[in-house]
Amino acid sequence: MGKKKKKSKATTAEPATDFEHTEAALEKRAAKYVSTKDRKDAHAKARDFSYTQNREVSWLRFDNRVLDEAFDETVPLFERLKFVSIFGSNLDEWFMIRIGGLSDLTLLKHQPRENKSNQTPSEQIDTVLGMLPDLIARQGRAFASIERSLAEHGLTRVSSEDLTDADRAQIKRTYDLSIAPIISPMIIDPRHPFPNLRNGNLYVTCALDGADEKGLLGIVEVPTSLGRVIKLPSTEREYRYILMEDAMLEMLSGCFGDYAPTASAVIRVTRNADIDPDGEGVEEEEDYRQHMKKVLKRRQRLQPVRLEVEGYLPEEQLAEVQERLGLTSERVFQTDMPLDLDDYVYGLEGKIPEAFRSSLVFDPFVPQVSPMVDASRPMRPQVEDHDVLLTYPYESMSPLLQLLREASGDDACISIKITLYRVAKRSKLCESLIAASENGKEVTVLMELRARFDEANNIEWADRLEQAGCTVIYGQEGFKVHSKICQITYHDASGISRITCLGTGNFNEKTAKLYSDFMLLTAHKGIAEDGNTFFRNLSLGNLKGSYSYLGVAPSGLKPLVMRGLNREIGRARAGEPAQVFMKMNSLTDRDVIDKISEACRAGVRVMLVIRGICCIKADIPHKTEGLIAHQIVGRFLEHARVYAFGVDTDILYLSSADMMTRNTERRVEIAYPVLDPECKERVIEFVNLQLADNVKARRLTREGTWEKLAPAPDDPRIDAQELLLAKAYLQTEEYADAAVDASLVAKANPMLEADASQTLQALPQIGRYEADVDGEPQVRTRIVTPEEFVREERQILGIGDARDGATPAARPEQAGAAEGDASHATEPAAPAAPKHMSPAEKDGAPSPEEAASSVDPVPAAAPKAPATSEPEPADTPEPVPQHAFASQPAPVHARVIEDEPPAEHAAQNDTQTTSIEIRRPNRFAVALKLIGLGFAELFTGNLTRRSR
């Protein structure tokens, strides 16, 4: 036998990219993880961390919640495999961005401390790396169990030991014809240095023995140009396959010539992708698209942050790979399941045998046309007649696409302006923009090229749009444009008019079928004027414009939310009922978290629905007591952002922004009010169903974890997404005047009894009835305009209110006041900031000049709620949400609201308000009433008839 030779190192650990690791670059990027204020302000050291948790820890808990769906036997089996894949792809992106960025910051001489956990980047990395082995092992268990079950249902991945002679013959044919001609095996030695392992690609690695050398390292890249799945001999009822890397392992013996593999594995490197596109600046003569193309190339060579290993690689060879990549053992993860599931799992869906398909995947669903529009009529007059609110993915994006398509050929249309963040690869929307430009319209597109991992697609569309004659501009340096706004301007005999389209999600046909979002189409003149101002400011590089209706980040959106919280805090401290509801993807902004805590301490009833990161903890004594926070993970990705204030939900904003510091301070975002009563009712119905969810919802605990709800045995099963899906079908024209399809209702809510649909049909409509089954008065929605919002905030925060001897004025009763323009008056006295306003809010407060231009000098009174006594706490373990029936809203400290008779005070008005409510279930009938509130219209079909 030959003697083992000592291998000399061809290279050392991969060098860092020079600019990315300069002190100046790291200091600049540190601002993404810790605000400048916290780094410089001494008060940061005195922060209270008892009710907050680390962002990365919270994110891992969210991803673990995604993995819960893989263990949920009520989810179709193949869909469970997708959740295993989603868990992994989420983890990939998290390593590339968050761990990559934190790893860079460990190079700083003075590491900043995160403002939710007081940990340095090094401490955060140690914490989360310690959590990962258990999570990855759990993923492996889920995958193994699901794959075994899929094999029983006709979808079989064949392991090496189960290959038949026919299988091996098929593998050899495929290898010889398709794989061998394009691979480049490499043996690592001084003349063949360790290669650059591309981010996310798979590599077959092995230990090699030759005649004179032992323990050499061999590497061959798995081709990405070929499909990952190789079909093996199959039948009509069974699809058998092997993955390409496994086929290469089978043929490895002839891959390295005279060297024989003694052990082998598949490896995958994850690299840091947290690169600052604006870090080095853009050359004066350089097109920004060319700059971004260079940035994308640099990303492929950034520092490795993780190594995944499937199979067995001897310790010596594994140590060599680690050393070459510069990774510690804590960043090496061994697994028995295939790497990069996302690369092949979704393609398997088309391979499922027909005999098993219906039982393995979700029933097909086609987004329905909104009942607020008539698809047979032109869109412009419909939107000018009434606002249209689309609810994705339950309702189709087609009204928006139809509006743009019609505008592209309408002689009255003179311009279209739009912001694009993530665009579908095949985008009908962009094709309409191109058609409009070719038809002589002025088309301006702000294309955000820095949308992470969509940069290449956006660059391609920017090229096409510009070639078609569109004016293409890009976001400001250091501020991504994440807002979703489109404005169409018309000029005809009646003058200039505009339609403004505002969304919580992207103008993307693909994600509109997968993400739960809102899109508002409105001809409201005030919003139109703000939209026009927004685009003018973007073209001038002005990020601090003044707006009457829109809240625009980085200067105006966060103060808007803080004002809403302050208003409710003021009400609670005045002994009045107060309520806040916020739905978002993530909550990390420390100022907002502290204000939520302050609201809880003041007695405000705070309800949150947060899909992902949640850096606040619930029920911490004297800090977040009474806070209700739910998380929903299901078939569709929860993506909408909703910010609602008041026990009667009189202030309601939708937004593109989460309450994350990056969104509120380092992006261009928009929050927009819902002023149309019917649109507002639709949002409230949606929110109440989400709060009522007891199937996919989880509840935030004081440890910062998410626990499953435990409804009573006789409570109906409420899956908000499935019910909204059923609602979308039942609101369509073909169902509107027909009998209810009981089987569809039963599928959406299997725990309902057979006669439940009859009970639901008997319930009255939301906001349109004289009395419900409890004999309570009519319900309508009241709306506060932005001008009223500012006036009432000044009133409640002690600026000329009753406590100062001022006489409050009556509140307007109808939403029609929202259509008026902002009133102008002489300059009011500059208000003093209230005691519970943070420094950040004081900075964002309007100046006296701004106040004079947008605030009515006559103060409006804060709404007075009927007096009530606080009920005894209930023993029920989980309150179930529903609409407010009684005129008396919840006492400020109550976790559960008992049904009460209407207060005498309610008789003074003939209307109440539709609101976001949480109530305890009163057995089956109350739960049915809860669902009926959200679904009475769909069972009677009146919503469709009313929209006509």
Karplus-derived HN-Hα couplings along segment 143-148 (A = 6.51, B = -1.76, C = 1.60, θ = phi - 60°), whole Hz, x at Gly and Pro: 4, 4, 5, 5, 5, 4
How large a share of the accessible area of segment 551-762, in percent, is made up of carbon and sulfur atoms when the probe is 1.4 Å and the other protein chains stay in place? 49
Table column - 3J(HN,Hα) (Hz), segment 104-117, Karplus curve with 6.51, -1.76, 1.60, x for Gly and Pro: 4, 6, 5, 7, 5, 5, 10, 6, x, 9, 5, 8, 10, 10
If each K or R counts +1 and each D or E counts -1, the residues other than R80 whose Cβ falls under 9 Å of its Cβ total -3
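Kindly report the accessible area of segment 379-540 per residue (heavy atoms of protein chains, probe 1.4 Å, no ligands, DNA or RNA), in Å².
Numbers: 5660 Å² over 162 residues.
Value for segment 379-540: 35 Å² per residue.
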Report in % the part of the accessible area of segment 379-540 that belongs to carbon and sulfur, leaving out ligands and nucleic acids; probe 1.4 Å. 46
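The values are calculated or read from the model by the stated rules, or taken from the named source; none is laboratory data. In this text the structure is predicted, and so the values were computed from the model without any measurement. Note that each Cβ is placed from the backbone with ideal geometry, even for glycine, and that neighbours are counted across all protein chains shown. The area values use the complete protein model at the heavy-atom level, side chains included, leaving out ligands, DNA and RNA. Shrake-Rupley method; radii C 1.70, N 1.55, O 1.52, S 1.80 Å.
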